[in-house]
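> I have a structure I would like to understand better, so I am pasting it below and will then ask my questions one at a time.
The values are calculated or read from the model by the stated rules, or taken from the named source; none is laboratory data. Given the structure is predicted, the values throughout are model-derived calculations rather than measurements. Cβ placement follows ideal geometry from the backbone for every residue including glycine, while neighbour counts extend to all protein chains displayed. Ligands, DNA and RNA are excluded from the accessible area calculation, which covers all protein heavy atoms including side chains. Shrake-Rupley method; radii C 1.70, N 1.55, O 1.52, S 1.80 Å.
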Amino acid sequence: MSDLQEEGKNAINSPMSPALVNLHPEDTLLEENEERTMIDPTSKDDPKFKELVKVLIDWINDVLVEDRIIVKQLEEDLYDGQVLQKLLEKLADCKLNVAEVTQSEIGQKQKLQTVLEAVHDLLRPHGWALPWTVDSIHGKNLVAILHLLVSLATHFRAPIRLPEHVSVQMVVVRKREGLLHSSHVTEELTTTTETMMGRFERDAFDTLFDHAPDKLSLVKKSLITFVNKHLNKLNLEVTELETQFADGVYLVLLTGLLDDYFVPLHNFYLTPDSFDQKVHNVSFAFELMLDAGLVKPKARPEDVVNLDLKSTLRVLYNLFTKYKNME
């Protein structure tokens, strides 16, 4: 009976404000006109959001493997500046003037300030917006941390493929006249690979993918016919462009065949079993193309290895343009 009475009392006394998502108690302890922003829990379950977080965690761990640093949760492992310091020093090949270990909140924020100032010095020349602060990173704001990591990965051309068009729903809670009011806004974390990297102007393949997908199969069929015409000389055959060229082996062999020379096997990995070995193969094929007088492919080796069809088509079309009439 007492529980029922308490429930009734809470129902009467609860503020008549818009329904709020599930909030932690500390998220509702706001001063008048204070505002707090958090991720809508449903956004965290989005597969593309999960993929973005995983790709970034794996990237950090790859970069810092020699330091024996293992990141498991971004907001818990990066908020104090320690991992961010090591990451930036590794990426930028520099040494920051900060204390190695900082236990106090003041010390952590001082370290973060130094690290973020160094990041800003790198990114400001690009004119990029910097949607993070010392307080947001130290406050374990996951969206701010993701913005920071995406910007670093983009600036340093990390050998990863960030999922495109990832956004999250943010819940904005504000206290006004003693009542909590909530609203939703959409926060964009990634756009397209080309836009984020800012590498190349749009070309025919962008137009093909965006406006003429029906012609894509025709282009693929033409390129498959072209590559098989030459790879068949080694009793090799391609049926899937994005997967069978991803390890770089066929690309190296094809480049040699088209220019009529044998590529020594010690120059590349015939059976690559790691991402780095595959990137080596594709990069080596790019070097062979440059030696043959072709223009530099409008793609990164990492994108080809990551099964990006548009990048693979660009590379193969580069060869097709020069050698299409070759018997």
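> Working out 0.36 nm times the residue gap between ASP46 and GLN110, then minus their Cα-Cα distance, what length gain in nm do you get to one decimal?
Once the chain is fully extended between ASP46 and GLN110, it gains 19.6 nm.
> Take the residue pairs LYS54/LYS109; LYS50/LYS86; LYS50/LYS229; LYS111/LYS296; LYS72/LYS215 and return only those whose Cα atoms are more than 32 Å apart.
LYS50/LYS229; LYS111/LYS296; LYS72/LYS215
> Right, another one. What are the ³J(HN,Hα) couplings of segment 248-263, residue after residue, when phi is run through the Karplus curve with 6.51, -1.76, 1.60 and θ = phi - 60°? Round to Hz, x for glycine and proline.
Per residue, the Karplus-derived 3J(HN,Hα) values read x, 5, 4, 5, 5, 4, 5, 4, x, 4, 5, 9, 6, 8, 9, 8 Hz.
> Rounded to the nearest 0.05, what FRET efficiency do ASN232 and VAL295 give with R0 = 22 Å and r taken as the Cβ-Cβ distance? Could you check?
That gives a FRET efficiency of 0.25.
> Once label points are set 7 Å from the Cα along Cα→Cβ at both PHE156 and GLU117, what is their separation, rounded to one decimal in nm?
If labels sit at PHE156 and GLU117, their model points lie 2.1 nm apart.
> Between CYS94 and HIS181, what is the label-point separation in nm under the 7 Å Cα-to-beta-carbon projection?
4.3
> Let me know the shape class of segment 263-305, please: from the alpha-carbon gyration tensor, a ≥ b ≥ c as square roots of the eigenvalues, rounded when a/c is under 1.5, otherwise prolate if a/b is greater than b/c, or oblate.
Oblate is the answer for segment 263-305, as a/c is 1.5 or above yet b/c matches or exceeds a/b.
> May I ask you to compute the full-extension gain from GLU240 to SER222, defined as 0.36 nm times their residue separation minus their alpha-carbon distance, rounded to one decimal in nm?
5.2 nm
> Here's a follow-up. Which value, in Å to one decimal place, does the Kirkwood hydrodynamic radius take for segment 201-324 when every pair of different Cα atoms is included?
14.6
> Turning to a different aspect of this structure: Given the Cα-Cα distance of ASN267 and ASP62 and 0.36 nm per residue of separation, how much length would full extension add, in nm?
71.3 nm
> Can you give me the long-range amide H partners of SER167? Hydrogens built in the peptide plane at 1.01 Å from N, cutoff under 5 Å, separation of 5 or more residues or another chain.
Amide H to amide H, under 5 Å and 5 or more residues apart or across chains, SER167 pairs with LEU189.
> Order the following by accessible area, largest value first: THR114, THR321. Probe radius 1.4 Å; ligands, DNA and RNA are ignored.
The ordering from most to least exposed comes out as THR321, THR114.
> Ignoring ligands, DNA and RNA, what percent of the 1.4 Å accessible area of segment 201-324 is carbon and sulfur?
54
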